[in-house]
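Below is one structure, written out as C-alpha cells; comments come after it.
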Amino acid sequence: MNDVDAVQAQIARNMLESGDWVTARLDGVAYLEKAPLTYWLIAVSYLAFGVHDWAARIPFALGAVALCWLVCRFGRWAFSPEAGMCAGLALATCCGLFLFTRILIADILVTLTITASIYGYMRAIEGREEESRRWALLGAAAMGCGVLLKGLIAVVFPVGTVLVYLVVSGGWRSKEVWRRVHVVGSMGLVVGIAGPWHILATLRNPPYFDFSLESRPGQYRGFFWFYFFNEHILRFLGRRYPRDYNRVPVIWFWLLNVVWLFPWSVFFPGVVGLDYRGEGRAERVRRLMVCWVGVVLVFFSFSTTQEYYSMPCYPALALLVGSVLAKGGAWVRGGMKAAGVIAGAGAVGVVVLLYAVRGVGTPGDISVALRQNPELYTLSLGHIRDLTLGAFAYLRWPLVVAGVGFLVGLVGVWRGRGMRKVVWLGVMMVVVAHGARLALVVFDPYLSSRALGEALKRAPAGELIVDDQYYAFSSVFFYAHRKGLLLNGRVNNLEYGSYAPGAPKVFIDDGEFAGLWRSGRRYYLVASASARPRLERLVGPDKLHVVASAGGNFLFSNKSMAGSA
C-alpha cells in the first residue's frame, strides 16, 4: 500500500481519531480534493475490523462484487438469464476490473452507483406504473451516493445517458416518461443525500464563495472554489493547478478499452450484429447501452483522462458482450477462436520469458532490476515501463501461474462446448489474475514503503522527516502511524491546503532540514536512493545512519542506532 492507497487509508483513520468527518486532512493539512464517502466507508470498515491495510480494501472488494451482481441482474431483466450470467462473468473477470481495483480509488464504487442509477431509471420507464416511483428514487439515491464518492460525474453520466437515450428513441416527447422518472422527487433526493456535506464543508473551510476561473499557486479560496471550480471545471478544461496529472491521448483512451475488457473484447465485433432497431425490451436496452458508452467516452474525450476513467462504461460493454454470447452464432465462434489464439500466444510468451531469464540471478528485491521513469508516474500504469528483461527473473512463479492460466483457457476453448467455453475463459482469467497478484507481492518493496514504516515503528522515539511530497512515501505515515515534516514537499496535493489559515507548519526547506538534523534531537528521514548524494552534501555522509532500506529507498537517522533500545 502506497501513494493513493495509503492516502485514502490514512485520511479515514484521521477522521476516526479526530472526530472530524467533514474535512479530510493529511499530516494536519486540509485535503479538499475529494468527496468523503470513500473515507467514511473505509472508516466504518476500521470500526468493524480494526485499522489494517486489508480492512481499507474491503469496501472496494464488496463494491466490485455488488457491481458484478447488479450487471448480472440487469442482463437477466433486459435480455435473458444466459445473457445476464455472461455479462456478470465478463465484468468480473476482465483485465480492467482487476487492474483498477488494486488501488483505493473510488471509481469502482462510483461505477456501481452509475449502473444502479441507470438501471433504476430504466426500470421506472419500462416497468409497471405503480413501481415507477420506487425505481426512480432508487436511481436518484444512487446518484446522491455517487456525488459523495466522486462529485458531479455521478449525475452527469446517468442523466446524460438517459437523456441521450430518450432523444434517440423519441421518448422525450412522452409526458408519461417524464412522469415516471419523477424529476422533482429525484432532484430533491439527490440534494438531500449529497447537499449536507457540501454545505458543511463550505462553512468549515471559508471563504464561502469565489467564482474565479483562474487557478494559480499561493492563493487560498476555501473549499467551495477549490472543489467545484478547480477540481471539476478547471480539471475538465486542463487548467487546474497544481497540474499533478497527465492525459492519455484520446485515441488510446478509446482503444485501450479493448485491453481493459480482455478477453471478452474479442466478442466486440459481434456487438455490431445485434438487433438495435426493434421495439422489444432487449433492443431498447441495447440502444441504451450504446448511449451509455458514448456519453462516457465522448465526455472524457474533451477532458483530462487517466486509463481508468472509462470504467463507468464497463458495465454497458459487458452487457452488450453478454447479449452477444447468449445469442451465439458465427461472431461467437470467431471470438472463441481469437481467444484461443491469444491464450496460446500468452502461454508461448511465458515460456519465452522464462527461458530468457533462466540463468539470471535475483539479488536483493526487484527494485535493483527496474528502470525508473518518473515522468510517466502521473499515469495510473506508468510503472509498467519500469520493467526490464532482468526484472522477469524475480517474477518466475507469477509467470508460471499466468502460463497455466493461459493453457487452461486454450484447452477450454478448444475442447469445451457451448457455454462451457465461456466458463473456461472466466477460469483462465481467474488464474491469470492470481499470477498478477503474486507479481504485485514481488513488487511490494518497490511500490510501497511498508517495510520502512514498520522499521520506523520499531525504532526509538524520534521525529519523522520525509524527503518529498506526502504521496511519495504515504505508506510510511500509514504503517508507522505518525505525522512528519515534508522536506521540499509543498507541491501537488497538499499545496493548496498549506495556504489555509491555521495550516500546520510541516513544510521545510534544505536549510531548515540541515539545522534540525544537526540538533540534539533524534530525527528520522525517509528518502530515495537518488536523493542520497544531495542529502550527504547538506549534512555530511557521517550524519546519515541507515536504519533500514527497501525498494531503493532508505530510512536514515541523525543518530547511530548502536546501543539503542
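Summarising the label geometry, the points placed 7 Å from Cα in the beta-carbon direction at Tyr276 and Arg243 lie 3.6 nm from one another. Between Val441 and Val341, the contour length at 0.36 nm per residue exceeds the Cα-Cα span by 33.1 nm.
Using r as the Cβ-Cβ distance of Val352 and Ile384, and R0 as 25 Å, what FRET efficiency do you calculate, to the nearest 0.05? Walk me through the intermediate numbers first.
Values: r = 18 Å, r/R0 = 0.74.
After rounding, the FRET efficiency stands at 0.85.
Taking a ≥ b ≥ c as the square roots of the eigenvalues of the Cα gyration tensor, the range 32-326 is classed as prolate, since a/c reaches at least 1.5 and a/b is larger than b/c. What the Cα atoms of the range 72-154 give is an Rg and a Dmax of 14.1, 42 Å.
Residues Ile366, Ile58, ranked from the fewest to the most other C-beta atoms within 10 Å, line up as Ile58, Ile366. Extents of the chain, taken as max minus min of Cα coordinates on every principal axis and listed largest first, are 80, 64, 41 Å. Cross-link pairs exceeding 28 Å between alpha carbons, from the set Lys457/Lys559; Lys150/Lys457; Lys150/Lys175; Lys150/Lys327; Lys175/Lys327: Lys150/Lys457; Lys150/Lys175; Lys150/Lys327; Lys175/Lys327. For the range 453-565, the alpha carbon positions stretch 43, 29, 27 Å along the principal axes, listed from largest to smallest. Inter-label distance, Val400 to Gln372: 3.3 nm, where each label sits 7 Å from its Cα along the C-beta direction. Would you mind working out the magnitude of the charge dipole of the chain relative to its Cα centre, with +1 at each Lys and Arg C-beta and -1 at each Asp and Glu C-beta, to the nearest 20 Debye? Dipole size: approximately 1040 debye. Take every pair of alpha-carbon atoms less than 8 Å apart whose residues are at least six positions apart; their mean separation over the length of the range 32-326 yields a relative contact order of 25 percent. Contact order, relative form, for the chain: 16 percent (alpha carbon pairs under 8 Å, 6 or more residues apart, mean separation divided by residue count). By DSSP, the beta bridges lying fully in the chain are antiparallel in about 60 percent of cases. A simple packing score, the average count of other Cβ atoms within 10 Å per residue, orders the peptides 459-469, 108-118, 509-519 as 108-118, 459-469, 509-519, with the highest score first.
Where the alpha-carbon atoms of the range 1-152 are placed on the principal axes, they occupy 51, 33, 26 Å, in descending order. For the range 99-231, what class follows from the C-alpha gyration tensor (a ≥ b ≥ c being the square roots of its eigenvalues): rounded when a/c is under 1.5, otherwise prolate if a/b is larger than b/c, else oblate? Because a/c hits 1.5 or more and a/b exceeds b/c, the range 99-231 counts as prolate. Ordering 311-324, 400-413 by mean Cβ neighbour count within 10 Å, with the highest value first, yields 311-324, 400-413.
Assign one of three labels to the range 111-177, namely rounded, prolate or oblate, based on the Cα gyration tensor with a ≥ b ≥ c the square roots of its eigenvalues; rounded applies when a/c is under 1.5, prolate when it is not and a/b is larger than b/c, and oblate otherwise.
Details: a/c = 2.66, a/b = 1.42, b/c = 1.87.
The shape class here is oblate.
The tail of the calculated P(r) for the range 330-446 beyond 16 Å holds 65 percent of all Cα-Cα pairs.
FYI, it's all coordinate maths here, none of it is from the lab. Because the structure is predicted, anything quoted here is derived from the model rather than measured. Virtual Cβ from ideal backbone geometry, glycine too; neighbours counted across all protein chains shown.
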